[in-house]
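The values are calculated or read from the model by the stated rules, or taken from the named source; none is laboratory data. This structure is a prediction, so every number in the text was calculated from the model and none was measured. Cβ atoms come from the backbone with ideal geometry, glycine included; neighbour counts cover every protein chain shown. Protein only, heavy atoms only, side chains kept; ligands, DNA and RNA dropped before computing areas. Shrake-Rupley method; radii C 1.70, N 1.55, O 1.52, S 1.80 Å.
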Amino acid sequence: MRQTTLSVGLEVKPESHNHLCGLLDKLRPASTSYPSGGNISFATLANSVPVLHFMSLSVFPGFDYDPLFVIEANFDGEPGPFWAQLEACYGPELRSFLRCCKRPLDQDGPLFDAVTATDSRAPIAPYLQARAERPTVFHHGNRGMGRDRILAEFALFKGTRVAIAAADRAYRTLSPAGIHAKLRAELIGQFQWLDQPAPRRISLAENIADWLKLGTFIVTAVFALSLPGLVLALAVPPGVYFLLVILGFVVLAAWLKRIAGPLPGTDTPTRFSLTGLLFGQLLPIAFFLALYLAIVSAIATPLSALLTGQSLALAWGDMLIWLALGFASVPTTITGILVWLRALERADSAQDAPPVDPEMLRGMARREDWIPQNHMGSIVLIKPGILRAILIRVGHRGLGLLLRIVARGGYLGSMRTIHFAHWAMVNNKSRLMFFSNFDQTWESYLDDFIEKAHEGLSLAWSCGVGFPPVRFLIYDGASHGGQFKAWARHSMAISRFWYSAYPELTTDQIERNYRVALGLRKATLSEEEAALWINDL
């Protein structure tokens, strides 16, 4: 099942900010309890938009920019049907929200005029789809689990509890395999889909695409890093080339060693080793070099033969030598980039005590911790400069592709508390936006990341203005717990409307329900299999 995460960021007329906040608050119940919502209940929303997992509507106040209205949505399938369903449910409300927003200056301006005109009945969905932002990084905690499947397996889990409670003594006398057989016999009439094979959460095509995308990214990144060496190799003889590359590496490495450490007065537990970074894994590097040369030469050799008139064999030999020379310069290029990056980081300003609006803080607190799930949204300014502009795009792209491989079970490090989360760039890529739908309290959620996955958090967020002091994009940064949490809270806004299709469920419980259902789909289990399966009941 494909899951989609999107956000729509729309600039708000400053004079309409308070009015828009009031309109959004009307979608919420009179009290702050969960789950009903304004004139349209959440049950109606669930029935009208059956693909929706989580959705939020937020307004970020204007400090450096005019206010920003954001629709965040996480749903099953393609965007088109989702936006159409949302319009069918919330059409008049959405139109009133859009009338508080500014007309875009690009090609979507006429579409905005048609949607917001007096007495307009022009469809809203095409405009929202046109303004939707694809995330730069996203994570799905229960990947491949459609909303209907999550709810169906939750109902099955509750059914097992009822069945066992009704005949507790009978179940106590049975072996694990006997418990499985009895439960399946009792429940299969109510849950007839237990006779069907379980749908694959990640299809073979999706799995292959994930690996191909990550592989393509790595090969492209290495080729880009070798470009300075490739150009130099065309200009000088090989002996001079290696002399210049080695000399450049030695000079840059010495410079980097001098500036790599933390700033005076900065407490940091992390040590940076350039030798370990570049030469600590010689065998994997050698294997990758062979693979890299094979892939790139296979792509580039026919073009070289066509341009030079050489035979394929001669062109292939020359190409391998040229690419190998370029690859040899990669450590020097990386070291140069690290020197540049570290010089920028040492000049960065960090906010030790960023201001937080007390009224906004109270508004956020009133909306948190009503159910096992919570929600947060944040927007920060992106640090200026060409290197930062490149690194945030490359870093986010690489992190996003890596998460599709290493976080398929929903775990980030040793944590599995996130349902849906994503970063996206807004305001012409000058601000970074983050949304997360997660389990536990906001404090414990960030504490988990600070303790167990602060490197990834720093990589994704260290480009933000005021972020705690960071080294080489990943070290320190978010590990400065109190400073990071104050910075994150400063960047947040009230989630004025937030919807969850399954507010009672944590990511762990969804996986537990999945395992119970997987076992009950099987006609029989061995005693060993049943003994493991019964632990989830």
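Placing pseudo-labels 7 Å out from each Cα toward the beta carbon at Arg103 and Asp64 gives an inter-label distance of 2.9 nm. What the Kirkwood sum gives for segment 319-371 is a hydrodynamic radius of 16.1 Å, with every pair of different alpha carbons counted.
Between Ser414 and Thr524, what FRET efficiency comes out of the Förster formula 1/(1 + (r/R0)^6) with R0 = 51 Å and r the beta carbon distance, rounded to 0.05? Calculated transfer efficiency: 0.90. Placing +1 on the Cβ of every Lys and Arg and -1 on the Cβ of every Asp and Glu, with no other charges, gives segment 456-537 a dipole of roughly 500 debye about its Cα centre. Taking 0.36 nm per residue of separation and subtracting the Cα-Cα distance, full extension of the segment from Ile202 to Ala254 would add 14.0 nm.
Accessible area of segment 394-537 with a 1.4 Å probe: how many percent of it is carbon plus sulfur? Walk me through the intermediate numbers first.
Details: 2600 of 4790 Å².
Percent of accessible area from carbon and sulfur atoms in segment 394-537: 54.
Bridging of Lys485 to lysines at a Cα separation below 21 Å is possible for Lys383, Lys452, once same-chain residues fewer than 8 apart are set aside.
Per the Kirkwood treatment, what hydrodynamic radius in Å, one decimal, follows for segment 111-174 from the mean inverse distance over all distinct Cα pairs? Please list the in-between numbers first.
Working: mean 1/r = 0.0588 Å⁻¹.
Mean inverse Cα-Cα distance, inverted, gives 17.0 Å.
Note on the chain: dipole from Cβ charges, positive end direction compared against Ala205, Gly9, Met55; the farthest Cα belongs to Ala205. Our Cα-only numbers for the chain put the radius of gyration and Dmax at 27.1, 86 Å.
With an 8 Å Cα cut-off and a minimum separation of 6 or more residues, compute the relative contact order for the chain in percent. Please report the intermediate quantities before stating the final value.
Numbers: 761 pairs, mean separation 126.9, N = 537.
Value for the chain: 24 percent.
Each of Arg169 and Ser96 was given a label point 7 Å from its Cα along the Cα-to-Cβ line. The distance between the two points is 6.0 nm. For segment 292-433, pairs of C-alpha atoms spaced more than 21 angstrom apart make up 70 percent of the total.
Helix 238-259 and the long axis of the chain differ in direction by around 60°, with both axes built from C-alpha atoms.
Positive contributions from Lys and Arg (+1) and negative ones from Asp and Glu (-1), summed over other residues with Cβ under 13 Å from the Cβ of Leu412, come out at +1. The lysines within cross-link reach of Lys158, meaning a Cα-to-Cα straight distance under 22 Å and a gap of 8 or more places when in the same chain, are Lys182, Lys522. Other residues lying with their Cβ under 10 Å from the Cβ of Thr136 contribute a combined charge of +3, Lys and Arg counting +1, Asp and Glu -1. Computed about the Cα centre, the dipole magnitude for the chain is approximately 320 debye when only Lys and Arg (+1) and Asp and Glu (-1) carry charge, each at its Cβ. Hey, quick one: spin label on Leu399, modelled 7 Å out along Cα-Cβ, who in segment 431-465 has an amide N within reach, i.e. under 14 Å? What the label zone holds, given the 14 Å backbone N cut-off, is 432-436, 449-450, 453-465. The slack in the chain from Asp148 to Leu230, taken as 0.36 nm per residue of separation less the alpha-carbon distance, amounts to 24.2 nm. With viscosity 0.890 mPa s and temperature 25 °C, the Kirkwood radius over alpha carbon pairs of segment 1-155 converts through Stokes-Einstein to a diffusion coefficient of 148 µm²/s. Spin-label model, Ala294/Ala209: points 7 Å from Cα along the beta carbon direction are separated by 2.6 nm. Highest mean packing first, where packing is the average number of other Cβ atoms within 10 Å per residue, the peptides 461-469, 177-185 line up as 461-469, 177-185.
Normalised by 2.2 N^0.38 Å, where N is the number of residues, the C-alpha radius of gyration of segment 424-537 stands at 1.49. Here the accessible area of segment 174-236 is 69 percent carbon and sulfur, with a 1.4 angstrom probe and all protein chains present.
Kirkwood analysis of the Cα pair distances in segment 112-256 returns a hydrodynamic radius of 23.3 Å. Each Lys or Arg adds one and each Asp or Glu takes one away; over the other residues whose Cβ falls under 15 Å from the Cβ of Phe217, this sums to +3. Residue ranking by accessible heavy-atom surface, 1.4 Å probe, largest first, among Asp439, Asp369, Asp25 comes out as Asp369, Asp25, Asp439. Partners of Lys429 within straight-line reach, counting aspartates and glutamates whose Cα lies under 12 Å from its Cα and excluding those fewer than 8 residues away in the same chain: Glu133.
For segment 382-449, the fraction of C-alpha pairs more than 14 angstrom apart is 67%. Phi-derived couplings, Karplus 6.51 cos²θ - 1.76 cosθ + 1.60 at θ = phi - 60°, listed residue by residue for segment 171-184: 5, 5, 8, 9, 6, x, 5, x, 4, 4, 5, 5, 4, 4 Hz, with x used for Gly and Pro. In this structure the chain gives 47 Å² per residue of accessible area when probed at 1.4 Å with all protein chains present. Annotation: His140 carries an accessible surface of approximately 10 Å², with a 1.4 Å probe and no ligand, DNA or RNA atoms counted.
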